[in-house]
Amino acid sequence: AVKAAGNKGPEPGSHLDRIRAHFRALGQNRLRLLPMGERQARQVIALGAPLLAPGVEDRIVRYVAGSDPDADEMTVAPALLSLVLRELNERRLARGPDAKITPDLLDVEQHKIFEDFYLRTLADFSPNVRLFIEDELLTASGHRNSAALDDALTRPDVTLPVLNELVNRRLLAYEDRHHTRRVELTHDVLVPVIKASRDSRLTREAVAQAERLRAEQVAQRRKQRLTMAVACALALALLT
C-alpha cells in the first residue's frame, strides 16, 4: 500500500465516474468503498511493512483516524490513508532509497502533510473555490459542514467539473442524503488545516480593512485641515 501510494495519478474509479453515463451497467455494478475499521487499516499498512520502522504503524493509524487515543473504536477513510501513506513515502524517498518511514519522520511531517495537500490541491483553482470550501464547508465554530450541490453551484467559479476534480483529488466527497446530493470534506482530520487557513485569511482581511479605514481617516483629516486653511486664508483676505 505504501508503494502504491507513491502514484500521484487520479484513481481509476474517477475515470469510470466521468463516463458511466455511457455505460448503463456501470452504475448497477458499482461498489462503494466504506470507511475502514482499525483492523482493516492495519492490514493495508502492513503491506508496506518493509518500509516501516517499528512502532510507526500504530502512529499512522491513529493519525489518519484523527480519534481520541482512548476511544474504543476508530474509523479510517481509505482515501486519506492512501494520501498519508503516499506523502510519507515521498518524504521517505527524499531521505534516500533505503530510508524507512520512522517515528521522527512522522513527527516532523505530520503537521505539514494535510497543509501541503490542501494548498497543492487548490493551487489550480480560482480563489473563490477556496472561499467556498472555507466558508461553507466549515461551521463558524470550526466543525465539518456540508452544502447541497445545487447551492454549491451558485457560488462564483464553483462548477460541477471543479467539484468533481476536487473529489478526484480526495479533498471533497459527495454524500446522498434524503434524495439530495451534498458536498463535504472527506474527513474531520482536514478541519484544523482548513480552519487555520480561514482564520489566517480573516485576520489578513481584518488587518487590510483596518489599514483602509486608517488611510481614509488620514485622508479625511488632511482634507479638513486643507479646507480650514483655505477658509482662514479667505477670512484674512477679507479682513485686509
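Observations on the structure shown:
- Residue tally, condition touching a strand residue (DSSP E or B) at 6+ places or on another chain (Cβ under 8 Å) and of a type in the set (Lys, Arg), over segment 42-59: 0
- Hey, Ala94 among the hydrophobic types (A, V, I, L, M, F, W, C) and outside any helix (DSSP H, G or I) or not: no
- Residue in segment 222-231 that is open to solvent by less than 90 Å² (accessible area, probe 1.4 Å), touching a residue at least 24 places away in the same chain (Cβ under 8 Å) and on the phi < 0 side of the Ramachandran plot present: no
- A single member of Arg204, Arg169, Arg222 is among the basic types (Lys, Arg) and under 30 Å from Arg62 (Cβ atoms), and it is Arg169.
- Just one of the listed residues (Leu119, Leu105, Leu80) is surrounded by fewer than 17 Cβ atoms within 10 Å (Cβ to Cβ) and of a type in the set (A, V, I, L, M), and it is Leu119.
- Considering only residues in segment 49-91 that are assigned to a loop (DSSP other than H, G, I, E, B), modelled with pLDDT under 85 and not hydrophobic (A, V, I, L, M, F, W, C), the one that is nearest to Leu119 (Cα to Cα) turns out to be Gly66.
The values are calculated or read from the model by the stated rules, or taken from the named source; none is laboratory data. This is a predicted model, so every value here is computed, not measured. We place every Cβ from the backbone using ideal geometry, glycine too, and count neighbours over all the protein chains shown. Heads up: the accessible areas ignore ligands, DNA and RNA and are worked out on the full protein's heavy atoms, side chains in. Shrake-Rupley method; radii C 1.70, N 1.55, O 1.52, S 1.80 Å.
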